[in-house]
Structure formats: structure tokens, C-alpha cells
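Novice: Structure incoming, see below.
Laboratory data are not the source of any read-out in this text; all were calculated from the coordinates shown. Values in this document were obtained by computation on a predicted structure and should not be read as measured data. Every residue, glycine as well, gets a Cβ built from its backbone with ideal geometry; the counts of neighbours run over all protein chains shown.
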Amino acid sequence: MPEPGARTDLFADLAERYDELRPADDAWDEVLDALVRLGRLDDGRVLDVGCGTGLAAEALAARGARVWGVDPSPAMLAVARGRTLPGGGVKQARAERLPFKPGWFDGVLMRQVVQHLDRPAAFREAFRVLRPGGRLAIATFHPDHMEEVWISTFVPRVAELDRARFPAQDALAAELRDAGFTEPAVERLRQSRPVTREEALERLRGRFISTLALVEEDELAEGIARAERELPERFEGTLDWLLVAAERPA
């Protein structure tokens with residue numbers, strides 16, 4: 001669900017450079033590997049909700065799954081339509097109203113998307129389109145991440161916005177149970193990777209995360225100027241993930 005007063009498509013200006021600014025590196029692969037394991041997403045029919053540019057959908061298809069992706073952003077889907085998805089494809093749709101029949105999927109993926117959704121409605125829809133015994137796998141950030149991520153040092157508004165957008169573990173588990181899922185399995189994954197000053201500045205200037213589309217222009221400009229003054233040539237960037245899997249009862 002779009003934030004009150006926000007643009008409907010937060011990714012309209014980001015889509016063409018999204019994969020350049022947020023490349024699939026070893027950390028990206030580690031998260032996907034964990035989601036595949038937790039959600040059993042390496043075969044059968046899988047739905048990638050909030051598929052964005054289709055990068056994860058294509059990676060799952062390469063592992064043997066038949067993947068469909070949905071996303072509300074026309075700009076992101078324009079990129080995703082160039083992906084190789086044998087036996088699947090992409091459709092413009094919201095998570096809260098999926099254009100698929102009940103019980104059609106063996107697995108559903110939500111990677112870095114739950115902060116955008118009306119989660120109770122989206123989880124009910126995921127439950128509906130899963131077969132009995134099918135699993136929903138979610139990757140989202142742990143609340144502690146908001147205070148630790150480097151970008152919040154330079155644009156404090158990001159942490160404030162994301163604390164409101166990203167669900168805590170207990171709230172997420174309760175929403176899944178309310179939608180009909182079994183008790184979720186939860187894992188925490190902390191990652192650290194080197195980031196160069198040049199890379200960090202390019203990402204800031206490119207508004208590489210959707211939260212930056214919600215930050216006022218003058219505040220972002222001030223944050224970029226501070227980053228230009230204070231960023232070291234190289235530093236450790238941290239990611240603190242919550243990985244969650246829940247099953248539709250058989």
C-alpha cells in the first residue's frame with residue numbers, strides 16, 4: 001500500500017538503474033539461498049510477489065521453478081519482461097488482489113516487499129493462491145537494521161520512515177497466523193560487506209532505495225553533501241535480515 005501522500009509508483013524513476021544500483025552480489029545470493037531452503041522454492045510453481053525487475057524470479061527459474069511475478073509498477077515490469085521465465089511470466093497486479101486461481105502455487109516469495117503492502121490483505125491472498133502444504137517465504141529487515149544501516153547516518157529521515165514501514169517479528173508472525181498460516185519459522189541473518197565511498201555516493205544520488213523517494217529534496221541534498229564530506233574511502237556496510245517462512249496447512 002502506498003504511504004499516505006506518496007507517489008503511487010515509488011520506482012518510476014529508479015527502475016532503469018535498479019539492478020545497477022542494487023546488484024546481485026554474494027550477499028544477495030545468500031538471502032535467496034535461505035529463502036529457497038525455507039520456502040522450498042526450487043521447483044514447482046512459484047509466485048514472486050513484488051517481483052520488481054524480475055531478478056529473483058529469473059534466478060528461481062534457473063533453479064527449476066516455474067515462476068510468475070507480479071508487481072504494481074509499470075516501470076519495473078518493463079525491465080522484468082526481458083527476463084527468461086520458462087513456463088511463467090509477469091503480470092501487473094497488486095499483492096492484495098492476485099490474478100490467479102486458488103491453490104495454483106506451490107510457493108510464494110516476498111523479498112523486500114512487505115513494507116509496501118497492506119499485509120493482512122496480501123497474506124490472505126498469498127494463502128488463497130497457495131496449495132495446501134505450500135509455503136510463503138519472506139525476507140524483510142529486522143527493526144535493528146534501521147539504526148545500523150549507513151544511510152541513516154546521513155539521511156536520518158530514512159530510519160524514521162522505515163521504522164514505521166517495516167514490521168517487527170511479533171507483528172509479522174501474528175499477521176501470518178491471522179491469515180491462516182501455521183506458526184512461522186523465523187531466522188535472523190546478519191551480513192557485512194565492504195562499500196566504497198564512490199559506490200555509496202552513487203547509490204545515494206540515485207535514490208537506490210524506495211524510502212529515499214519519500215524524503216524531501218532539500219533533506220536528501222543535505223545528506224549527500226554530508227556524505228561527500230564524511231564518508232571514508234571504504235567502510236563495512238551491514239544488513240540485518242528477518243527471514244520468515246509460513247505454511248498453508250495441508
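Novice: For R226, state whether it is among the basic types (K, R), within 14 Å of I151 (Cβ to Cβ), within 24 Å of the chain's Cα centre (by Cα) and not in a loop (DSSP other than H, G, I, E, B).
Specialist: Judged against the criteria, R226 is not a match.
Matching residues to (1) touching a helix residue (DSSP H, G or I) at 6+ places or on another chain (Cβ under 7 Å); (2) exposed (fewer than 13 other Cβ atoms within 10 Å of the Cβ); (3) closer than 24 Å to D29 by Cβ:
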{"site": "A171", "(1), (2), (3)": "no, yes, no"}
{"site": "T182", "(1), (2), (3)": "no, no, no"}
{"site": "V195", "(1), (2), (3)": "no, no, yes"}
{"site": "S210", "(1), (2), (3)": "no, no, yes"}
{"site": "A225", "(1), (2), (3)": "no, yes, no"}
{"site": "L231", "(1), (2), (3)": "yes, no, no"}
{"site": "V244", "(1), (2), (3)": "yes, no, yes"}
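Novice: Let me ask something additional. Can you pull out the helices (runs of 4 or more DSSP H) entirely within segment 143-190 that have at least 3 residues that are touching a Pro at 6+ places or on another chain (Cβ under 7 Å), within 22 Å of R229 (Cβ to Cβ) and touching a residue at least 40 places away in the same chain (Cβ under 8 Å)?
Specialist: Values: elements: 145-148, 151-154, 156-165, 169-178.
Answer list for segment 143-190: none.
Novice: Also, I was wondering about something else. State whether one or more residues within segment 125-142 are buried (at least 16 other Cβ atoms within 10 Å of the Cβ) and part of a loop (DSSP other than H, G, I, E, B).
Specialist: Yes, segment 125-142 has at least one match.
Novice: Sticking with this structure for a sec: Residues of segment 55-88 being in a loop (DSSP other than H, G, I, E, B), more than 17 Å from F100 (Cβ to Cβ) and not charged (D, E, K, R), which ones?
Specialist: Once the filter is applied, which keeps residues that are in a loop (DSSP other than H, G, I, E, B), more than 17 Å from F100 (Cβ to Cβ) and not charged (D, E, K, R), segment 55-88 yields G64, S73, G82, T84, P86.
Novice: Right, next: Looking at (1) among the basic types (K, R); (2) under 16 Å from the mean Cα position of the chain (by Cα); (3) under 25 Å from E125 (Cβ atoms), which is the only condition R188 fails?
Specialist: (3)
Novice: Being over 28 Å from P74 (Cα atoms) and either β-branched (V, I, T) or over 14 Å from the mean Cα position of the chain (by Cα) (or both) narrows it down to one of A126, A164, A174, so name that one. Explain how you work it out, then say what you get.
Specialist: Details: A126 fails: over 28 Å from P74 (Cα atoms); A164 fails: over 28 Å from P74 (Cα atoms).
That would be A174, the only listed residue that is over 28 Å from P74 (Cα atoms) and either β-branched (V, I, T) or over 14 Å from the mean Cα position of the chain (by Cα) (or both).
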